Amino acid sequence: MTGFLYEVEKNCPVCEEKVMVTKVRSRLTMVKQDTDFCTYYQGVNPYYYTVWVCPHCGFAASEADFGGLVHDKVKTFLQGKKVNINFSGIRTREQAYNAYRLAIFYGDMAGIQASKLGGLYLRLGWLYREGEQLEEEKAALAKAAEYYERAMTYERMPIGGMSEVALMYLLGELFRRTGKLEEALLFYNRVVANPQAKMEKRILELARDAWQETRELKKKREEAKSQE
């Protein structure tokens, strides 16, 4: 594990104290990928380390946002606060959960982009999946879908590194995984009907397969209801 990680010194953008943050080396070997893009790597789970946490004031944000401008609401909330937490080095899954919860809390307070909140909830859902906490996973994925759908309406593409086609497909997957089959089918249909999908063959194939599986699942659910 330690061979995959290294530490870097940063300054907290809130309290300005020095922070040792743990990063994951970029050259990882992919093992497999779930249909909602959750990727598994050999030796380490990089999602554990995506969020950085200040051990002095408790501020947390994704690596991409940790060094940026911090909203005045967050600065006021944390002003004078002192905590004693240490998220550097090898993290436990529980520490990773808490890091994401903190980042979501401060991100929501600061009113960051819906796509960024969606990304935090998505990765938190993946961590819950690894821990086999199915209800918590479902709740996190539902929040991810809520924020990504909002982002699709109000933000410019690409969103979270995804094209419009990829994001529509992901929304379909998130709705399917949270039991909203009608919404899932709607987004899969939007992928298949989008002319740009021909340029993203893998996404198009995934959407077609998922559309078929979801239709069958919906049919079984309706048959079960009719027999009650």
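Data for the structure
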read-out: Residue order, fewest to most surrounding Cβ atoms within 10 angstrom, among Leu69, Leu141, Leu206; value: Leu69, Leu206, Leu141
read-out: Choice from Val70, Val191, Val53 showing the highest fluctuation, given a GNM over the chain with Cα pairs closer than 10 Å; value: Val70
read-out: Mean residue ellipticity (222 nm) of the chain, computed from DSSP H runs ≥ 4 via -39,500 (n - 2.57), nearest 500; value: -17000 deg cm²/dmol
read-out: Around Tyr47: net Lys/Arg minus Asp/Glu count, Cβ-Cβ under 11 Å; value: +3
read-out: Cα gyration tensor of the range 177-228 - equivalent ellipsoid semi-axes, whole Å, descending; value: 26, 9, 8
read-out: Total formal charge among the other residues, if their Cβ is under 11 angstrom from that of Asp108, Lys/Arg +1 and Asp/Glu -1; value: +4
read-out: Reachable lysines, given that their alpha-carbon falls under 17 Å from the alpha-carbon of Lys138 and they are not under 8 places away in the same chain; value: Lys180
read-out: Relative pair counts by distance (%), Cα atoms of the chain, 5 Å bins; value: 1, 7, 13, 15, 17, 15, 12, 8, 5, 3, 2, 1, 0
read-out: Dipole moment magnitude, nearest 20 debye, the chain about Cα centre, only Lys, Arg, Asp, Glu C-beta charged; value: 240 debye
read-out: Acute angle (nearest 10 degrees) that the helix 201-226 long axis makes with the longest principal axis of the chain, alpha-carbon atoms; value: 70 degrees
read-out: Rg/Rh ratio calculated on Cα atoms of the range 2-116 (Kirkwood radius); value: 0.98
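Here, each number is a calculation from the coordinates, and none is a lab measurement. What you see is a predicted model, and the numbers here were worked out from it, not measured in a lab. Note that each Cβ is placed from the backbone with ideal geometry, even for glycine, and that neighbours are counted across all protein chains shown.
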